[in-house]
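**Student:** Let me begin by handing over the structure; questions about it come next.
The values are calculated or read from the model by the stated rules, or taken from the named source; none is laboratory data. Everything numeric in this text was worked out from a predicted model, so none of it was measured. Ideal geometry is used to build each Cβ from the backbone, glycine not excepted, and the neighbour counts take in all protein chains shown. Please note that ligands, DNA and RNA were not included when accessible areas were found on the heavy atoms of the full protein model with its side chains. Shrake-Rupley method; radii C 1.70, N 1.55, O 1.52, S 1.80 Å.
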Amino acid sequence: GNTTCLTLESTDQLIIFDAGSGMRELGRYLMTREFAEGKGRAAIFFTHTHWDHIQGFPFFVPAFIPGNEFDVYHVHPYVPDVLNDQMDSRVFPAQFAALGATFRFHKMDVGETVSLGAFSISNIELQHPGKAYAYRVEKGEDVVVLATDGEYKRLDHPSLKRYIDFYRDADMLIFDAQFSVRESFIKEDWGHSSGLIGADIARAAKVKRLVLFHHDPTSTDDEIMAALQQTREYLTHHDRRGPVMVDVAREGWEVVFNSAGDFQVEEANVDGLICLHLFGQFDARATETFMRSIVRVGQAHQNETIVLNMAGLQEISVAGVRALLEARGDVYNLAIVNVPPNVYRVMELSGTVDFFAIYPGLSDVPH
Ligand SMILES: [Zn+2]
Ligand SMILES: [Zn+2]
């Protein structure tokens with residue numbers, strides 16, 4: 001996969017975090033939008049300037065388009081120099097000074113909070129060679145924390161408290177899980193952490209969803225998925241208050257943050273099954289979003305079973321049931337799992353239960 005480059009977008013703001021090799025792909029995507037016409041605006045925040053966090057920048061096509069504007073936020077004072085130097089004529093054909101887009105640099109203090117539209121972004125120093133900074137982004141009630149390239153050498157509460165306070169109540173904590181716990185003990189001072197340490201910190205900070213990030217470049221997909229399973233297992237063993245959700249970050253992954261109750265669809269491949277996780281209220285306002293997702297996965301996976309995971313659904317209306325019926329025609333085979341009792345009852349009341357292949361859980365779906 002590519003190295004660190006994440007974006008957070010609202011209706012009026014686009015924030016990019018780091019310029020790793022993933023930024024090349026991001027540029028290709030942004031060139032399908034207003035950035036192609038030189039009408040793009042974005043903020044770029046740097047956690048630090050190690051290679052894996054800057055190397056995509058010279059290949060970020062929107063930077064070459066006159067009219068695009070970028071506000072670059074950084075704590076390390078030397079970020080502008082580093083971006084300039086990695087495009088030096090001895091190593092790259094186009095120089096930073098000749099870029100078509102406009103760049104404005106904003107040096108931030110440690111602990112400073114920056115406001116961008118409805119977002120407020122604060123930072124904290126992480127233990128990492130040359131220092132890295134974690135960012136906490138708040139928008140109304142929603143909180144996302146990006147804490148990559150950080151080591152937690154001392155695991156006693158006083159040492160962790162400042163991190164726990166900074167990550168507190170995050171809807172999502174994106175966490176450096178490059179190592180196994182064992183490796184993190186052995187590779188002291190390498191500046192990285194592990195999923196299980198993230199699990200402890202996430203639990204203490206009452207984080208809702210932990211995302212394992214900054215995978216080791218030598219890890220295979222199987223090893224990364226094993227680390228995910230271990231982290232989940234560790235959390236279910238140790239938490240009786242309702243476990244933190246754990247996910248593994250992957251190339252191109254997109255998550256929608258909405259106010260509670262709003263309908264959401266999230267696509268995932270779970271053990272080889274194509275899944276759509278449904279969240280919120282599945283009513284008349286949700287059917288268009290749902291049908292768009294169904295048609296898209298139906299076309300992308302023409303001879304496969306598509307599983308609808310309803311665990312996150314709060315309610316369904318008759319309009320939602322109607323959309324489910326229609327969905328059967330758009331995919332090869334539709335399976336439904338984890339139906340909440342109130343949702344099942346509406347399917348009973350509408351007399352449609354026998355139209356669907358309903359299974360208790362994902363592992364019950366034949367494949
Ligand atoms: Zn680093
Ligand atoms: Zn890194």
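**Student:** For segment 16-28, indicate whether the set of residues that are more than 23 Å from HIS214 (Cβ to Cβ), assigned to a helix (DSSP H, G or I) and either more than 16 Å from ligand 1 (Cβ to nearest atom) or open to solvent by 10 Å² or more (accessible area, probe 1.4 Å) (or both) is non-empty. If you could, list the steps in order and put the result at the bottom.
**Tutor:** If we filter segment 16-28 for residues that are more than 23 Å from HIS214 (Cβ to Cβ), which is where we start, we get none.
Within segment 16-28, not a single residue is more than 23 Å from HIS214 (Cβ to Cβ), assigned to a helix (DSSP H, G or I) and either more than 16 Å from ligand 1 (Cβ to nearest atom) or open to solvent by 10 Å² or more (accessible area, probe 1.4 Å) (or both).
**Student:** Can you name the number of the only condition in (1) open to solvent by 50 Å² or more (accessible area, probe 1.4 Å); (2) in a loop (DSSP other than H, G, I, E, B); (3) away from ligand 1 (no atom under 16 Å from the Cβ) that GLY130 fails?
**Tutor:** Just one mismatch for GLY130, condition (3).
**Student:** Here is a further query. Identify all residues within segment 168-182 that are away from ligand 2 (no atom under 15 Å from the Cβ) and charged (D, E, K, R); write none if there are none. Working first, answer last.
**Tutor:** Step one: list which residues in segment 168-182 are away from ligand 2 (no atom under 15 Å from the Cβ), which gives 168-173, 180-182.
Within segment 168-182, ARG168, ASP169, ASP171, ARG182 meet the criteria.
**Student:** Going through ASP81, ASP85, ASP12, ASP18 one at a time, which residue ends up being at pLDDT below 95 and of a type outside the set (S, T, N, Q)?
**Tutor:** Values: ASP81 fails: at pLDDT below 95; ASP85 fails: at pLDDT below 95; ASP18 fails: at pLDDT below 95.
Answer to the selection: ASP12.
**Student:** Next question, about the same structure. Name the single residue that is most open to solvent (accessible area, probe 1.4 Å) among those in segment 171-189 being touching a helix residue (DSSP H, G or I) at 6+ places or on another chain (Cβ under 8 Å) and in a loop (DSSP other than H, G, I, E, B). Lay out the reasoning, then the answer.
**Tutor:** Taking segment 171-189 and keeping what is touching a helix residue (DSSP H, G or I) at 6+ places or on another chain (Cβ under 8 Å), we get 173, 175-177, 180-181, 184.
With the extra rule that they be in a loop (DSSP other than H, G, I, E, B), the set shrinks to 177, 180.
Values: ALA177: 16, SER180: 53 Å².
Top of the filtered list is SER180.
**Student:** In the set LYS131, LYS139, which member is within 16 Å of ligand 2 (Cβ to nearest atom), charged (D, E, K, R) and within 25 Å of the chain's Cα centre (by Cα)? Give the derivation first.
**Tutor:** Details: LYS139 fails: within 16 Å of ligand 2 (Cβ to nearest atom).
The conditions single out LYS131.
**Student:** Also, I was wondering about something else. How many of the residues in segment 145-158 are open to solvent by 20 Å² or more (accessible area, probe 1.4 Å) and under 19 Å from the mean Cα position of the chain (by Cα)?
**Tutor:** If we filter segment 145-158 for residues that are open to solvent by 20 Å² or more (accessible area, probe 1.4 Å), which is where we start, we get 153-158.
From what's left, under 19 Å from the mean Cα position of the chain (by Cα): none.
Selection size over segment 145-158: 0.
**Student:** Same structure, new question: Can you tell me which condition LEU324 does not meet? The list is (1) part of a helix (DSSP H, G or I); (2) at pLDDT 95 or above; (3) open to solvent by 30 Å² or more (accessible area, probe 1.4 Å), and all the others hold.
**Tutor:** Only one criterion in (1) part of a helix (DSSP H, G or I); (2) at pLDDT 95 or above; (3) open to solvent by 30 Å² or more (accessible area, probe 1.4 Å) is unmet by LEU324, namely (3).
**Student:** Look at segment 191-231 and say how many of its residues are out of contact with any strand residue (DSSP E or B) (no Cβ under 7 Å at 6 or more places or on another chain) and either under 13 Å from LYS153 (Cα atoms) or of a type in the set (Val, Ile, Thr) (or both).
**Tutor:** 4
**Student:** Going residue by residue through segment 155-169, is there one that turns out to be assigned to a loop (DSSP other than H, G, I, E, B), touching a Lys or Arg at 6+ places or on another chain (Cβ under 8 Å) and either within 16 Å of ligand 1 (Cβ to nearest atom) or of a type outside the set (Gly, Ala, Ser) (or both)? Write out each step before concluding.
**Tutor:** First pass over segment 155-169, keeping only residues assigned to a loop (DSSP other than H, G, I, E, B): 155-156, 168-169.
Those left that are additionally touching a Lys or Arg at 6+ places or on another chain (Cβ under 8 Å): 168-169.
So of that shortlist, the ones also either within 16 Å of ligand 1 (Cβ to nearest atom) or of a type outside the set (Gly, Ala, Ser) (or both) come out as 168-169.
The answer is yes; a qualifying residue exists.
**Student:** Out of the residues in segment 295-304 that are open to solvent by 30 Å² or more (accessible area, probe 1.4 Å) and not small (Gly, Ala, Ser), which is farthest from the chain's Cα centre (by Cα)?
**Tutor:** Filtering segment 295-304 down to residues open to solvent by 30 Å² or more (accessible area, probe 1.4 Å) leaves 295-296, 299-304.
Checking which are not small (Gly, Ala, Ser) leaves us with 295-296, 299, 301-304.
Details: VAL295: 24, ARG296: 21, GLN299: 25, HIS301: 23, GLN302: 27, ASN303: 29, GLU304: 26 Å.
Going through the qualifying residues, I end up with ASN303.
**Student:** Could you name every one of the strands (runs of 3 or more DSSP E) located completely within segment 31-126 that has at least 2 residues being touching a Ser or Thr at 6+ places or on another chain (Cβ under 9 Å)? Please lay out each step first, then the result.
**Tutor:** Values: elements: 41-45, 69-74, 102-107, 113-116, 119-126.
Passing ranges, in order: 69-74, 113-116, 119-126.
**Student:** Return the residues of segment 312-321 that are in a helix (DSSP H, G or I) and open to solvent by 10 Å² or more (accessible area, probe 1.4 Å); say none if nothing qualifies.
**Tutor:** Just the residues of segment 312-321 that are in a helix (DSSP H, G or I), to begin with: 318-321.
Passing the criteria: VAL318, ALA319.
**Student:** Name every residue in segment 149-199 that is among the aromatic types (Phe, Trp, Tyr) and at pLDDT below 95, in order of residue number. Lay out the reasoning, then the answer.
**Tutor:** Residues of segment 149-199 that are among the aromatic types (Phe, Trp, Tyr), as a first pass: 152, 163, 166-167, 175, 179, 185, 190.
Residues satisfying the conditions are PHE179, PHE185, TRP190.
**Student:** Return the residues of segment 197-223 that are outside any loop (DSSP other than H, G, I, E, B) and open to solvent by 50 Å² or more (accessible area, probe 1.4 Å); say none if nothing qualifies.
**Tutor:** First, pick out the residues of segment 197-223 that are outside any loop (DSSP other than H, G, I, E, B): 197-204, 209-213, 221-223.
Across segment 197-223, the qualifying residues are ASP200, ASP221, ASP222, GLU223.
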